[in-house]
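Data first, discussion second: the structure below is written as structure tokens.
The values are calculated or read from the model by the stated rules, or taken from the named source; none is laboratory data. Since the model is a prediction, treat every value here as computed from it, not as a measurement. Because the Cβ atoms are built from the backbone with ideal geometry, glycine has one as well, and the counts that use them run over all protein chains shown.
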Amino acid sequence: MRSGGVQLTAPERWWECPNCDQTAVTRELIVGSTYHNCKGLLGLSAPMVPAGTRAKVEAREREDYIGKDVGRVTLDENGRPIMSIVTTRDDGQDCTVLAPQATGFSETE
């Protein structure tokens, strides 16, 4: 006796940004967030939240000296160095860390 397979369809998820008018729809089996270049956060790539979720998404300015890292840190449209984007909801908080890329050099003989 052969049993037939069942085709699963990916659920439709609606997303919105609390800082601008961007919305999106995803159809994926993997749960995660979707990102967009947010006008409300001065062009930074920021996460969207499920539609209808009360949330605050904010950029956190880097508070330490950037020195020679100036070309490697994430800057907003005003040129301020940003270290993270924090999403705060009633049930918790998420953080996207914008760490600069490590660099190095070697000396040759």
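From 62, 80, grab the single residue that is crowded, with 17+ Cβ neighbours inside 10 Å, at pLDDT 80 or above, of a type in the set (D, E, K, R) and touching a Leu at 6+ places or on another chain (Cβ under 9 Å).
After ruling out the rest, the residue left standing is 62.
Anything in segment 83-103 that is loosely packed, with under 14 Cβ neighbours inside 10 Å, more than 19 Å from residue 51 (Cα to Cα) and in contact (Cβ under 8 Å) with a residue 24 or more places away in the chain? List them, or say none.
101, 103
Identify all residues within segment 16-44 that are assigned to a strand (DSSP E or B) and farther than 14 Å from residue 94 by Cβ; write none if there are none. Full working, then the answer.
First pass over segment 16-44, keeping only residues assigned to a strand (DSSP E or B): 16, 23-27, 35-38, 44.
Across segment 16-44, the qualifying residues are 16, 23, 24, 25, 26, 27, 36, 37, 38, 44.
When residue 69 is evaluated against the numbered criteria (1) surrounded by 14 or more Cβ atoms within 10 Å (Cβ to Cβ); (2) at pLDDT 90 or above, which criterion, by number, is the only one it fails?
(2)
I'd like to check something: does segment 4-14 contain any residue that is in contact with a strand residue (DSSP E or B) (Cβ under 7 Å, 6 or more places away or on another chain) and under 24 Å from residue 98 (Cβ atoms)?
no
Need pairs with beta-carbon distance below 9 Å; first residue of a type in the set (S, T, N, Q) and within segment 47-62, second assigned to a strand (DSSP E or B) and surrounded by fewer than 19 Cβ atoms within 10 Å (Cβ to Cβ); sequence gap 6+ or separate chains.
These pairs meet every condition: 53/16; 53/89.
Would you tally the residues in segment 63-109 being part of a loop (DSSP other than H, G, I, E, B) and of a type in the set (S, T, N, Q)?
So the count comes out to 5.
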